[in-house]
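Working notes, structure below.
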Amino acid sequence: MRRGPVPHRLTRRTLLIGAASGGFTGLIAAPRMLEARDDGATLASLASAKGLVLGAAFAEHELDKPYGPAYAQAYVRNVNSITSELAFKMSALRPNANALNFEPADRTVAFARKHALKLRAHTLIWNDDLPAWIWQLGPGEIEQLLDTHIMTMMERYRADVWAWDVVNEPIAPWDKLPGNLRKGPFLSGLGEGYIARAFRQARRHDPNTLLVLNEAQTETADDNGRVFRDSLLALLRRLKAEAVPIDAIGLQAHLRSDRRYDYGLFSGFLDEIAALGYAIHITELDVNDVALPAAIDKRDTAVAEYYSKFLTTVLAHKAVTAVTFWELADHTSWLYYEHLGKVAQSHRRPRPLLLDQSFEKKPAWSAVAKALTAMTPR
Ligand code: XIL
């Protein structure tokens, strides 16, 4: 039988690139120091006073924009942790089988160090957003990639990472597979066992850092939300029965103004996760304002209301120990970039976050401050 060429042959050597080179070559150990913070209350200080880890997704390339210094300052003022929005994804780290690009991740780590911010590394294993070459690997190669990737990342970054999103978005009901698991190379190569394997490998290489399973779309009151919640709980029970080392469950919380919410129902779901013994992190909170009035004052008020109701609900749960927004300012949101790509001329730009395009506080910022002030300490 004639075998065609394998376009991206994965060898043990290529898999081990980075692991073998090891070390913190791109990083200089900067002294931990805080830049001057506001004298008045900042979200970071309100959160710290309550023992809550408050964070935001951070994209290091934004530092290169004209507004880079203001972007940096917004993080220093408002959060005590950052999540890598892109830099720790395989799409950024492993553009092809023969190379590892640590530069964005190193830069993210350096920013966190410089400003004494905790770092959530997002994400180690995800069946989505993968470079094309990974989809072509066979089961043995996938297993080797999973093991090597986790080892490489943890050996390089574990001293700087506060929490790892070890597995991202394992559920996808539309793929119609057993357990409503999301299809992709890790599931095809290793079956459901890829999840347990990823966490066990992670624990082996980093006994001290929080290991998180992160999931989307569990918040809505509709059928989709119900299927996500039920499927996630069923998965967690199976993982628990196998004593898989998971510390926290991440719930993304990309809220949408065109969906229905029932926070009593959602609260019950949080109770069920907590009863299994996991901490809960809200990991990607933002508000898609697509169905809200065009008038900016009305829209901002409505967005603030979403934050208020959601945070009041989740912060009432002691199990919720961390809350992360998906970026801080409207014009650096993924929703904003997505919108610009589609309708560059539109004046109705998304306003999903806490700060506006000038990094000024919006009503959503005040709603968050109020919820932090009212919450009971962790
Ligand atoms: C998004 C980023 O925000 C975008 O910039 C990128 O183009 C695609 O990924 N769930 C996740 C995140 O777990 O990694 C996604 O981030 C948003 C949805």
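Any read-out appearing in this document is the output of simple, stated calculations on the displayed coordinates, not a laboratory observation. Note that this is a predicted model, so its numbers are computed, not measured. Positions of Cβ are generated from backbone atoms using ideal geometry, with glycine treated the same way; all protein chains shown enter the neighbour counts.
A few comments on the model shown:
- Selection of trypsin sites (Lys or Arg not before Pro), segment 242-273, meeting DSSP coil and at most 14 other Cβ within 10 Å: Arg260
- Mean residue ellipticity (222 nm) of the chain, computed from DSSP H runs ≥ 4 via -39,500 (n - 2.57), nearest 500: -12500 deg cm²/dmol
- Ranked for footprinting exposure by Cβ neighbours inside 10 Å, fewest first, Val323, Val368 give Val368, Val323.
- Gain upon complete extension [Ala243, Asp271; 0.36 nm per residue less C-alpha separation]: 8.1 nm
- Overall, the chain carries a charge dipole of about 640 debye about its Cα centre when +1 sits on the Cβ of Lys and Arg and -1 on the Cβ of Asp and Glu, all other atoms neutral.
- Bridges between two residues of the chain, per DSSP, are antiparallel at a rate of about 10%.
- Cα long-axis angle, helix 139-157 against the chain (0 to 90 degrees, to the nearest 10): 50 degrees
- Note on segment 45-181: dipole from Cβ charges, positive end direction compared against Met153, Ala172, Ala57; the farthest Cα belongs to Ala57.
- In a DSSP loop and with at most 14 other Cβ atoms within 10 Å, the GluC sites (Glu not before Pro) in segment 155-248 are Glu242.
- Separation of the Val227 and Arg259 label points, Cα + 7 Å toward Cβ, nm: 1.3 nm
- Mean separation of Cα contacts under 8 Å, 6 or more apart, over the residue count of the chain: relative contact order %: 16 percent
- Helix 193-205 and the longest principal axis of the Cα set of the chain meet at an angle near 80°.
- Lys342-Asn98 FRET efficiency (beta carbon distance; Förster radius 30 Å; 0.05 resolution): 0.30
- Relative to the longest principal axis of the Cα atoms of the chain, the long axis of helix 263-275 makes an angle of roughly 50 degrees.
- Segment 47-124 - charge dipole about Cα centre, Lys and Arg +1 at Cβ, Asp and Glu -1, debye rounded to 20: 300 debye
- Gaussian network model of the chain, springs between alpha carbon atoms under 10 Å - residue of Lys118, Lys65, Lys183 with greatest fluctuation: Lys65
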